[in-house]
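Here's the structure we're looking at; comments come further down.
The values are calculated or read from the model by the stated rules, or taken from the named source; none is laboratory data. Here the structure is a predicted model, which is why all the values come from computation and not from measurement. We place every Cβ from the backbone using ideal geometry, glycine too, and count neighbours over all the protein chains shown. Note: areas computed on protein heavy atoms with side chains; ligands, DNA, RNA excluded. Shrake-Rupley method; radii C 1.70, N 1.55, O 1.52, S 1.80 Å.
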Amino acid sequence: MSYRAAAIGVALVASLVFSAWAGAAGQPARIAAGRIVVSAPHAEAVVHRDPFRLTFSGPSGGTVLREVPEAPSGRLITPPTADPIEPGLDNQSTTTLYSPLSFLVGTEALMQYDGGLFGGNLRSGQRSGVQYAARRVIGARRAGSGVVLTVSTTDPSGRRLVVHVAPLRCCAISVHVVPRPGADVATIGDSFRSSPDEGFFGFGGRHIDLDQRGKVFSSFVNEENIDGTTGWGSGGNGTSLYPNGPPAAYYPQGQFVSSRRYGFLLDQPQLARFKLDADGPARWNVSASAPDLRYVVAPGAARQAIRTLTSLSGRQPPPPRWALGPMMDRLVKNFGETQADYEANLKADLRNLRRHRIPIRAYRIEGWGFPGGNNHGLALHSFTSPPVQADVIGTLRRRHIHPLVYLRPWLEPDSAQVERGLAVTHANGTPYLTTSTTGQSIALIDFTDPAAVRYWQRQVRAVFDLGADGFMQDFGEEVVPGMRFHDGESGARMHNRYLTLYAKATRAEIDRYERNHPDRHLWFFTRAGYSGRPGSAAYEGGNFPGDETTDWTRSSGLASSTPDMLNRAIGGAYGFGTDIGGYFDLTTPPTTKELFIRWAEWAALSPIFRLHGAGPTGTHAPWDFDAETTRIYRRLSHLHLRAAPLIERLWRRAEATGLPPTRPLWLADPSDVRARGADQEWLLGPDLLVAPVVQEGATSRRVYFPQGCWVDSDGNRYAGRRAALVQAPLAKLPYFRRCGKAPL
């Protein structure tokens, strides 16, 4: 059986199992005088009528999550509150009514950056009004295997909540809350109790800690965000980002796993805010800037909760085998590069890869273009002539190197495609023009318009017809409230959702192309995404973290990569490939030899090993440093190739289980509280521990070892559940296998 056929078989079995579970979830809800019970085979929700309160339990029957008690006053005045605070920071001290199903009657106004470097990011906001909450159940009826409740509230106007509680497949409970009437409801949320040592893990590609306890942050797709010490802000000390602060992320997810044996998914695309024991040690709150609230609770220990949530929100499908081999990008420099320069660099790369015996499985031509100089309305930066492009692609294919190119969802403003109405518009129907990070005028493809989707898919198909086997799918973060979409949605609801539609359109065309060309195995990777049911992880092939700075910082440099990879991995987005050497060197020095080597070491035992480059300085090629760098890079490339079969096996298992190939140490032993702080190391599967050096000038580092016995390549043994200082000269990547396991 072929690799892809096996993957399809695993997915089919999982689908059939979940179908059986879904059928088993049809037990009618039990409605009694004091409480109402909604059950799935492995999850249960109990609704307490008066006062209203929801509790959730798992297969063992123990309560894993419960709403906080009703607040004594039942109301809370919210004075005019800035959130976010200019230039885009989440307000850390907002007023929150900690009571079941609280909502703000009042107003909220949000402002985003419209175009430019931070296009689409939150810039400022203000809300005010009065918060009210649920009071008691005044009506209940069965709806399928769930219930629809009418709940009175503390709002003196008589507003009620319609609450739908239902089993979801085998192992989860869904909750949907709609205020009636809905007018003037600006935000709605819910509050839950927590335990003193509860850990909150996930939330997508955040660079902050693995355990988000004590944090306040929003879930909103961001573009760029740079280290706050590089001239864009102050006080960052290498840990903050500008303009949206430390938690800012290209790839946020409104989902997490708790150490209290449950998972949580906010199942809606609007701006969301999480306050995780930030106002005290015993309660957390989630709210959405939306007219309703949808969430899913998945009881179970971490592995079960991950399995349940990712079966709903999506898991990145296994890539073709070649995509797990070393890759190289030839990007276009931001300043001063000509077509002749770029074509010369392409040809030089082909020579140098062979001369230096660098193993390579894929090569990306960023400055590509459609033949004839017509890019079909797409705003691409073509830097190759058709003959040179065809020659390079042909040479790559003859060498069994898979050609990759570059796509983004931008249209030229004066293109026929914009004239045909395929772009996002203003409310009056005129095309909405914004600007790119470099000031270029662009329009966005409207992925809610079937005609625009077909147009996009024709361009994807044309890329494959040219001989490319995949591409980087960049951008998509630029959606702002004033935009209107073909399906009637505004930018406020579409900002996060746009990335899922973008990836879904591409995946559909790839699946169709592979069916028609069974000898082709295709792959694409993205920068930005979001969660949902499903989210973008269901469609992407992988991710790159997005424009890391060429430094060592925790905010956006090398040290940002590990928490980013691990936080998104448990949410199904585990095809992570960092930009070796960093990218954004507009405010930081060019990549040094030491930084380049340490970055390549970091990537060697991660899912995707991809050599990238920086804006002004271009591609980081090992031969541009010296012979030692080239030798080390070649050795690390071979290490990654040796690890590729393991990564492939783990990824294929993840398709059925959701358990990521790269795992935070706490996931191996949730009872080990010290493992929660190990945010610069990871497990590749259960038996390989990776602990790269991410500090400039370091020749050793402290490593925390999970439970068990571990051994390094020199035969040194280390006992688990304790830390040790290990030596790590520049050419050495610290990694360890479980005692008794075969080396890579």
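Could you work out the local net charge near P450, counting Lys and Arg as +1, Asp and Glu as -1, over the other residues with Cβ closer than 14 Å to its Cβ?
0
State the answer as a single residue: which of S436, V694, L744 lies farthest towards the positive end of the charge dipole of the chain, with beta carbon charges of +1 for Lys and Arg and -1 for Asp and Glu, about the Cα centre.
Looking along the dipole axis, the top candidate is L744.
By the gyration tensor of its Cα atoms, with a ≥ b ≥ c the square roots of the eigenvalues, what is the shape of the range 668-717: rounded for a/c under 1.5, prolate for a/b over b/c, or oblate?
Because a/c hits 1.5 or more and a/b fails to exceed b/c, the range 668-717 counts as oblate.
Can you tally the net charge around I401? Count Lys and Arg as +1, Asp and Glu as -1, for every other residue whose Cβ sits under 11 Å from the Cβ of I401.
Counting the neighbours of I401, the net charge comes to +4.
Let's test the formula: R0 of 25 Å, r as the Cβ-Cβ distance of R141 and T63. What FRET efficiency results, to the nearest 0.05?
With R0 = 25 Å, the Cβ-Cβ based efficiency is 0.50.
Tell me the carbon and sulfur percent of the accessible area for the range 503-562, rounded to whole percent, probe radius 1.4 Å.
Carbon plus sulfur share of accessible area: 48 percent.
Take the eigenvalues of the Cα gyration tensor for the range 338-426, scale each by 5, and report the square roots as semi-axes in whole Å, largest first.
Equivalent-ellipsoid dimensions as semi-axes: 31, 13, 10 Å.
Once R0 is set to 41 Å, what does the formula 1/(1 + (r/R0)^6) return for the Cβ-Cβ distance between A724 and A348, expressed as a FRET efficiency to the nearest 0.05?
My answer for the efficiency is 0.40.
What percentages make up the Cα-Cα pair-distance distribution of the range 523-586 when the bins are 10 Å wide from 0?
22, 50, 24, 3
In percent, what relative contact order does the range 498-544 have, based on Cα pairs under 8 Å that are 6 or more apart in sequence?
Over the range 498-544, the number comes to 46 percent.
Rounded to the nearest 500 deg cm²/dmol, what is the calculated helix-only ellipticity per residue at 222 nm for the chain, with -39500 (n - 2.57) per DSSP H run of length n ≥ 4?
So the helix-based figure for the chain works out to -7500 deg cm²/dmol.
What is the dipole size for the range 110-267, taken about its Cα centre, with +1 at each Lys and Arg Cβ and -1 at each Asp and Glu Cβ, in debye to the nearest 20?
1000 debye
For A416 and T150 in the same chain, what is the full-extension length gain: residue separation times 0.36 nm, less their Cα-Cα distance, in nm?
Result: 90.6 nm gained on full extension.
Once a ≥ b ≥ c are taken as the square roots of the eigenvalues of the Cα gyration tensor of the range 396-492, is the result rounded (a/c under 1.5), prolate (a/b larger than b/c) or oblate (a/b not larger than b/c)?
Note, shape of the range 396-492 comes out prolate.
Pick out, from G146, A82, S128, the residue whose Cα sits farthest towards the positive end of the charge dipole of the range 61-193, with +1 on the Cβ of Lys and Arg and -1 on the Cβ of Asp and Glu.
The residue sitting most towards the positive pole is G146.
Counting pairwise Cα distances across the range 46-87, what percent come out greater than 11 angstrom?
Roughly 76 percent, rounded to a whole number.
Keeping every protein chain present and rolling a 1.4 Å probe, give me the accessible area per residue for the chain in Å².
Ligands and nucleic acids excluded, the figure is 34 Å² per residue.
State to the nearest 20 debye the size of the charge dipole of the range 504-594 about its Cα centre, where the only charges are +1 on K and R beta carbons and -1 on D and E beta carbons.
420 debye
Cα axis of helix 3-24 to longest principal axis of the chain: angle in degrees, 0 to 90, nearest 10?
In the chain, helix 3-24 runs at an angle near 0 degrees to the longest axis.
Which shape class applies to the range 573-629: rounded if a/c is under 1.5, otherwise prolate when a/b exceeds b/c and oblate if not, where a ≥ b ≥ c are the square roots of the Cα gyration tensor eigenvalues?
Verdict is oblate for the range 573-629.
Just need the relative contact order of the chain here, percent rounded to a whole number, with Cα pairs under 8 Å and 6+ apart.
After rounding, I find 12 percent.
Work out the FRET efficiency for S700 and K593 from their Cβ-Cβ distance, taking R0 = 30 Å, and round it to the nearest 0.05.
FRET efficiency, S700 to K593: 0.95.
Compute the helix-to-body angle for 386-398: its Cα long axis versus the longest principal axis of the chain, expressed 0 to 90° and rounded to tens.
For helix 386-398, the angle is close to 90 degrees.
In square nanometres and to one decimal, what's the mean projected area of the convex hull around the Cα atoms of the range 417-474?
Answer in nm², one decimal: 4.9.
Using 0.36 nm times the number of residues separating T107 and Q126, minus their current alpha carbon distance, what extension gain do you get?
That works out to 6.0 nm of additional length.
Within the range 137-157, find all residues whose amide N lies under 20 Å from a label point positioned 7 Å from the Cα of V37 along Cα-to-beta-carbon.
So the set is 137, 140-149.
So what is the relative contact order of the range 428-586, in percent, for Cα pairs below 8 Å that sit 6 or more residues apart?
With pairs under 8 Å counted, the relative contact order is 17 percent.
Work from the charge dipole of the range 348-410 (Cβ charges, +1 for Lys and Arg, -1 for Asp and Glu, about the Cα centre) and give the residue of F370, P387, L353 farthest towards its positive end.
L353
For the range 283-343, treating each Cα as an identical point scatterer without solvent, what Debye log10 I(q)/I(0) comes out at q = 0.14, 0.29 1/Å?
Result of the Debye calculation: -0.76, -1.16.
Taking the Cβ of H48 as the center, what net charge do the other residues with Cβ under 15 Å away carry, scoring Lys and Arg +1 and Asp and Glu -1?
+3
Once Rh for the range 168-310 is found with the Kirkwood sum over Cα pairs, what is the Stokes-Einstein diffusion coefficient at 10 °C and 1.306 mPa s, in µm²/s?
99 µm²/s
About its Cα centre, what dipole magnitude does the chain give when the only charges are +1 on Lys and Arg Cβ and -1 on Asp and Glu Cβ, stated in debye to the nearest 20?
2800 debye
Over the Cα atoms of the chain, what Rg and Dmax result, in angstrom?
Every Cα atom of the chain included, Rg and Dmax give 25.5, 80 Å.
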